[in-house]
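The values are calculated or read from the model by the stated rules, or taken from the named source; none is laboratory data. The structure displayed is predicted, hence computed values, not measured ones. Virtual Cβ from ideal backbone geometry, glycine too; neighbours counted across all protein chains shown.
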Amino acid sequence: MKLAEALNQRADLQKRIAQLRERISNNVKVQEGDQPAEKPEDLLAELDNSLKDLENMIVRINRTNQETVWEGRTLTEMIAGKDTLALKISVLRSALDAANVRSDRYSRNEIKFIRTVDVNELQKKVDDLSRDLRELDSKLQQANWMTELI
């Protein structure tokens, strides 16, 4: 099985567990004299099985990411780089949003705000980092489809 397929299966397991959470909550209490639509014991057993499968999948994915080297870096290093790059872009976009807020002044007595950053330069940096993030994500996707799950 390819790593990308395992990632899809992990996502499916996480969705199934979220659905089981809802189904369990809906069936643990009923009005006196009624029966639950589904047996909570069966749902809890299904939850246990799904959690075991998820744990196994996460371990295998993490092991594969740690042991697979792609273009001189482990997949774990590439993922960490992607996450921190996305966070940096988010912070810089927030700074751009704050710098671009226009405050109208109605008289000369009101406080005047000035930008302390070069908005064009900061926007170019965000654009460059966003391109780098897309390229890194593409490399990760390629690696995911080329790598066998350990």
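Per-residue answers, yes or no, for (1) over 30 Å from GLU148 (Cα atoms); (2) modelled with pLDDT of 95 or more; (3) surrounded by fewer than 16 Cβ atoms within 10 Å (Cβ to Cβ):
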position: ALA11; (1), (2), (3): no, yes, yes
position: GLN14; (1), (2), (3): no, yes, yes
position: ARG23; (1), (2), (3): yes, yes, no
position: VAL30; (1), (2), (3): yes, no, yes
position: GLN35; (1), (2), (3): yes, no, yes
position: LEU43; (1), (2), (3): yes, yes, no
position: GLU46; (1), (2), (3): no, yes, no
position: SER50; (1), (2), (3): no, yes, no
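Scanning the stretch 95-113 for residues that are more than 35 Å from the chain's Cα centre (by Cα) and either outside any loop (DSSP other than H, G, I, E, B) or at pLDDT 70 or above (or both) yields GLU110, ILE111, LYS112, PHE113.
Hey, could you check the stretch 4-29 for residues that are over 16 Å from the mean Cα position of the chain (by Cα) and among the charged types (D, E, K, R) and say which is nearest to LEU75 (Cα to Cα)? Here the residue is GLU5. Listed by first and then second residue, the pairs with beta-carbon distance under 9 Å, at least 6 apart or on different chains, first residue in the stretch 1-24 and in contact (Cβ under 8 Å) with a residue 12 or more places away in the chain, second assigned to a strand (DSSP E or B) and exposed (fewer than 12 other Cβ atoms within 10 Å of the Cβ), are MET1/GLU148; LYS2/GLU148; LEU3/GLU148. Looking only at residues in the stretch 120-131 that are within 20 Å of ALA80 (Cα to Cα) and among the hydrophobic types (A, V, I, L, M, F, W, C), which one is surrounded by the fewest Cβ atoms within 10 Å (Cβ to Cβ)? Per the stated criteria, the residue is LEU129. Could you tell me whether the stretch 49-58 includes any residue that is of a type in the set (A, V, I, L, M) and in contact with a Leu (Cβ under 8 Å, 6 or more places away or on another chain)? Yes, some residue in the stretch 49-58 is of a type in the set (A, V, I, L, M) and in contact with a Leu (Cβ under 8 Å, 6 or more places away or on another chain). Within the stretch 21-37, the set of residues being of a type outside the set (Gly, Ala, Ser) and farther than 22 Å from SER50 by Cα comprises LYS29, VAL30, GLN31, GLU32, ASP34, GLN35.
State which residue is modelled with the lowest pLDDT when the search covers only the stretch 132-150 and only residues that are surrounded by fewer than 16 Cβ atoms within 10 Å (Cβ to Cβ) and within 13 Å of GLU67 (Cα to Cα). Only one residue tops the list, namely ILE150.
Would the stretch 33-42 turn up any residue that is assigned to a helix (DSSP H, G or I) and of a type in the set (A, V, I, L, M, F, W, C)? Within the stretch 33-42, none of the residues are assigned to a helix (DSSP H, G or I) and of a type in the set (A, V, I, L, M, F, W, C).
Identify all residues within the stretch 55-86 that are free of Cβ contacts under 8 Å to residues at least 60 places away in the same chain, at negative phi and outside any helix (DSSP H, G or I); write none if there are none. Selection gives VAL69, ARG73, THR74.
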